[in-house]
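Chemist: Attaching a single structure in structure tokens format; questions to follow.
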Amino acid sequence: MRRSDLTCAFLVFFAVITVAQEKDNRGLKVQVAQLAGASAVVGKQYVVLIAIDKYTHWNALRNPVKDAKEIKEILSRRYYVDEFIELYDEEATKAGMIKLFDRLIGITKPEDSVFIFYAGHGHLDKISDTGFWIPVDGGTDRYAQPNWLPNAQIR
């Protein structure tokens, strides 16, 4: 075994051991304290998963819901998450997404973290350089943009 291979193997082993040792608290409070000092506040950790396979007006997609559920499984196994919020297929309407974001605005604090995963159709209007998420009930008329959710509104 070459020295570089041995070094790489050691680093991988060290990383696995470190992750295994920190699994109980997942290192979150330790990391924040190291970065911001002992008085730092660790907020809640939210993960939002929105995925659509079956659309009302757009072509169906094969894996968004499966991918979102796999991401949830990985995050729940490897990281500390206080709450998962999920919208899949028929729940992922424009109204459903806006209600979800309104709820997040009401419950999150500045020290909280929010991770958002969206898997589904999108559209970029090249003339206005405006991007859109296409909810399950989104229409296909690019001029009327029925039930499309613009990136600016999500932001």
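FYI, it's all coordinate maths here, none of it is from the lab. Worth saying up front: this structure is predicted, and the values here are computed from it rather than measured. A quick note on method: Cβ atoms are made from the backbone with ideal geometry, for glycine too, and the neighbour counts reach across all protein chains shown.
Chemist: So for segment 93-139, Kirkwood radius off the Cα pairs, Stokes-Einstein at 25 °C and 0.890 mPa s: how many µm² s⁻¹?
Modeler: Answer, rounded: 194 µm²/s.
Chemist: Something else about it: Roughly how big is segment 40-155's charge dipole about its Cα centre, with Cβ charges of +1 (Lys, Arg) and -1 (Asp, Glu), in debye to the nearest 20?
Modeler: Dipole of segment 40-155, to the nearest 20 debye: 160 debye.
Chemist: Would you kindly derive the ³J(HN,Hα) couplings of segment 59-75 from the backbone phi angles with the Karplus curve 6.51 cos²θ - 1.76 cosθ + 1.60 (θ = phi - 60°), listing them in order in whole Hz, with x for Gly and Pro?
Modeler: 4, 5, 10, 8, 10, x, 5, 4, 4, 4, 5, 5, 5, 4, 4, 5, 5
Chemist: Okay, next question. Rank 76, 64, 101 by how far each Cα sits towards the positive end of the charge dipole of segment 59-114 (+1 on Lys, Arg Cβ; -1 on Asp, Glu Cβ) and give me just the farthest.
Modeler: Of 76, 64, 101, it is 64.
Chemist: Then there is this: Too long at a 27 Å Cα-Cα cut-off: which of 94/126; 72/99; 72/126?
Modeler: Beyond 27 Å: 72/126.
Chemist: Search the structure for amide H atoms under 5 Å from the amide H of residue 130, placed 1.01 Å from N in the peptide plane, and list their residues when 5 or more places away or on another chain.
Modeler: 125
Chemist: Kirkwood Rh and Cα-based Rg: tell me the resulting Rg over Rh for segment 48-125, rounded to two decimals. Mind dumping the intermediate values first?
Modeler: Values: Rg = 13.5 Å, Rh = 13.6 Å.
The Rg/Rh ratio comes out at 0.99.
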